[in-house]
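Worksheet for the structure shown next.
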Amino acid sequence: MRKKLQRFSDNAQRRNIIEPGKASYVQLKGQWRTDYFNNQHDLVVELGCGKGAYTLGLAQQFPHKNFVGVDIKGARLWVGSSYALAHALYQVAFLRTKIEQLDQCFAPGEVSEFYIPFPDPRPRDRDEKRRLTSPRFLALYRQLLQPGGFVHLKTDDAALFSYTLAVLRSQAVSSLVYTEDLYRSEWLAVHYGIQTAYEQQFLAQGASIKYLRFAFATAN
C-alpha cells in the first residue's frame with residue numbers, strides 16, 4: 001500500500017500524467033497537439049493501456065507521432081510514465097480516466113488512431129455494453145476519430161473476436177482487415193514486434209492471437 005501511495009504522489013507531480021484534479025484534465029480537450037505536445041503530429045491513443053506497452057513501443061517506432069495511453073489504474077500508469085521519462089519519450093502522455101468518458105478529454109476528430117490491445121472480453125451477456133468493441137463504444141470512437149482514422153484490436157479471445165466482427169458487419173465501416181492467427185498472417189508486421197504482458201502469457205500457453213483493423217466509412 002505504501003508503494004502504491006508513493007506512486008500516486010509521484011503521478012500528481014508528473015506532467016506526463018493527466019488525471020482528475022489537474023487543470024490539464026479539463027483543459028486539453030481539443031488542444032492536445034498545441035497545448036501539450038506543441039506540434040501538429042498525429043495523435044494515437046491506446047485504450048486500457050495498463051503499463052503502456054503499446055503506447056511506449058509505438059512511440060519508439062514513430063518519433064513524429066504523439067501518443068496517449070488511457071487507463072483508470074494510476075499505479076500502472078506510473079510504470080509507463082517512468083519509462084517514458086527515463087527514455088526521453090516526450091511525445092508520450094498518460095491519461096487516467098474511464099474509457100466511456102473519452103469525449104470529456106478529446107474533441108471530435110482529434111484522434112488519429114485507437115489501439116485496443118487485449119481488452120477484458122466481458123463474456124457475460126449482461127456485460128455486452130462494457131465490451132470495448134460494443135456499438136456503444138464504437139459510436140464514441142467514430143465521434144473522436146479523424147476521417148479515415150483506424151481502430152486496431154488484438155485479442156486471444158475467440159468469442160470477443162467473433163462478436164466484434166459481427167458488430168462491425170452491421171456498421172458502416174471500411175478498410176476492414178482481420179486474421180485469427182496474427183503470427184501466421186501477412187499482417188504480422190503491423191504489430192511492430194510489440195507484445196503486452198498478457199500477449200506473452202497467452203503465446204506461452206499456445207493461444208493464437210487475433211487482430212483486426214478498420215476505419216469508419218465516411219459519407220459521400
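Some notes on this structure:
- Of all residues in region 79-96, those satisfying the criterion of being of a type outside the set (Ser, Thr, Tyr), crowded, with 23+ Cβ neighbours inside 10 Å and assigned to a helix (DSSP H, G or I) are Gly80, Ala84.
- Single residue of region 141-157 satisfying the filter (part of a strand (DSSP E or B) and either touching a residue at least 60 places away in the same chain (Cβ under 8 Å) or of a type in the set (Phe, Trp, Tyr) (or both)) that is surrounded by the most Cβ atoms within 10 Å (Cβ to Cβ): Val151
- Only one entry in Leu132, Leu138, Leu160 is part of a loop (DSSP other than H, G, I, E, B), aliphatic (A, V, I, L, M) and over 17 Å from Leu28 (Cβ atoms), namely Leu132.
- Matching residues in region 172-184 - criterion: being at pLDDT below 95 and part of a loop (DSSP other than H, G, I, E, B): Ala172
- Residues of region 16-48 satisfying the condition of being among the charged types (D, E, K, R) and in contact with a strand residue (DSSP E or B) (Cβ under 8 Å, 6 or more places away or on another chain): Glu19, Arg33, Asp42, Glu46
- Cβ-Cβ under 9 Å pairs, at least 6 apart or on other chains, region 69-92 side on the phi < 0 side of the Ramachandran plot and at pLDDT 95 or above, far side acidic (Asp, Glu) and part of a helix (DSSP H, G or I): Trp78/Asp10; Ser81/Asp10; Ser82/Asp10
The values are calculated or read from the model by the stated rules, or taken from the named source; none is laboratory data. Quick caveat, the model's predicted, so the values are computed rather than measured. As a convention, Cβ positions derive from the backbone with ideal geometry for all residues, glycine included, and neighbour counts pool all protein chains shown.
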